[in-house]
Amino acid sequence: IRAVPDALLIIGKDDRIEIANETAREIFRGGDASGDLVGLYYYEVVRSPQLYSLIDRARETGEPVAEELRVELPEERFYRVMISPLRFGEKGDSAVVLFHDTTQIRMLERMRTDFVANVSHEIKTPVTAIKGFAETLLDGAIDDRDNAIHFLRTIQKNSERLNRLVEDLLMLSRVELGEIQIMKEEVAAGDIFEHVRETLSERAAARGLDFRVSLPEGDSRFMADRNRTIQIFLNLAENAIKFTESGSVELGVERGYDRIILYVRDTGIGIPGDLISRLGERFFRVDPSRSRELGGTGLGLAIVKHLLRAQGWDMEIRSEEGKGTEVRVVIPNVTRK
């Protein structure tokens with residue numbers, strides 16, 4: 001019983017727990033495996049009317065029963081509960097209750113369902129626009145030159161949005177499946193940032209932003225896949241520019257004893273504290289309407305998160321509403337020079 005990895009309880013005829021393994025004590029005692037459950041009534045330990053009815057059914061029928069169970073402990077958890085009478089075919093006997101944790105599976109299923117729903121939603125809007133304006137042109141609007149050009153530009157804009165979405169989905173899929181190989185070489189932070197600055201400087205200037213690179217004295221070199229690292233910081237800097245109305249966007253470096261931190265800091269709208277943990281979820285946007293208006297797909301940070309993980313790096317996000325955001329990429333095991 002001690003070796004069983006799932007939580008296991010044996011409940012006597014008097015509804016008291018006769019045996020509880022270590023996993024059960026950890027789960028139902030809030031992580032305290034030393035807290036004994038033996039002698040307690042089972043309904044004092046697991047407060048779930050659904051479980052009570054399952055145990056009653058197993059006792060009444062003398063046959064094993066199994067069902068999905070949702071429990072608050074205090075966070076939401078899901079278990080596949082299997083209840084077996086100790087002697088099959090006899091009513092009112094003691095019962096063995098096994099709790100198999102299916103929380104991760106349920107969360108993955110929920111993520112998959114949300115992903116399909118989000119993809120459908122993201123695709124439906126541009127497809128509807130393309131279809132509607134194409135039909136309008138075919139119905140005679142093509143002869144109205146001024147409106148026809150406007151409709152064609154709208155079709156072009158929405159087709160580009162679809163193309164960006166498909167490209168981001170393919171990239172995310174390739175990264176998650178491990179199809180993108182990480183080829184590390186020694187690179188310089190200044191070289192990475194200069195490439196990003198050259199690519200996005202016009203966009204920042206168009207918004208009236210001071211787009212700058214701040215490098216410390218000395219050599220800031222580390223092992224990385226150059227192209228993937230450029231992709232990471234292009235994405236982070238582009239997000240910073242999108243959500244900064246005025247002020248600056250800064251790319252910089254901080255050196256520690258055995259690590260380097262590359263950061264993207266802006267003076268933008270900031271992110272509410274309760275939403276920071278959700279950044280990196282597929283299709284999650286702090287400001288959905290603004291993000292779509294600026295051409296975002298909602299997949300950029302998800303791609304960044306996976307590319308960072310593939311290189312063994314971490315990401316920290318610090319933000320304050322109305323004052324700005326700082327995204328920090330932590331690169332460990334760097335020899336200080």
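The values are calculated or read from the model by the stated rules, or taken from the named source; none is laboratory data. Just so we're clear, the structure is a prediction, and the values are computed from it rather than from any experiment. Cβ placement follows ideal geometry from the backbone for every residue including glycine, while neighbour counts extend to all protein chains displayed. Surface areas here come from the heavy atoms of the whole protein model, side chains and all, with no ligands, DNA or RNA. Shrake-Rupley method; radii C 1.70, N 1.55, O 1.52, S 1.80 Å.
A few remarks follow.
- Each 10 Å bin, from zero up to the one with the longest distance, holds this percent of the alpha carbon pairs of segment 132-209: 14, 19, 29, 21, 12, 4.
- Here the spin labels are modelled as points 7 Å beyond Cα on the Cα-Cβ line, and at ARG47 and ASP274 they lie 2.3 nm apart.
- One quarter of the surface of the convex hull around the alpha-carbon atoms of the chain equals 25.6 nm², the direction-averaged projected area.
- Using a probe of 1.4 Å on the protein chains alone, the accessible area found for SER53 is around 60 Å².
- For segment 53-146, chymotrypsin sites (Phe, Trp or Tyr not before Pro) meeting the loop criterion (DSSP other than H, G, I, E, B) and having at most 12 other Cβ atoms within 10 Å: PHE88.
- Full-stretch length increase - ALA206, ARG164 - with 0.36 nm per residue and alpha-carbon distance subtracted: 12.9 nm
- Lys-Lys pairs in the chain that are eight or more residues apart or on separate chains and whose Cα atoms lie under 27 Å of each other come to 11.
- Probe 1.4 Å, protein heavy atoms only - accessible area per residue of the chain in square angstrom: 56
- Using a probe of 1.4 Å on the protein chains alone, the accessible area found for PHE28 is around 20 Å².
- Above 25 Å, the calculated P(r) of segment 62-182 contains 59 percent of its Cα-Cα pairs.
- Model label sites at ALA66 and VAL4, defined 7 Å from Cα along the beta-carbon direction, differ in position by 1.4 nm.
- Sequence of TYR263, TYR257 from largest to smallest accessible area, 1.4 Å probe: TYR257, TYR263
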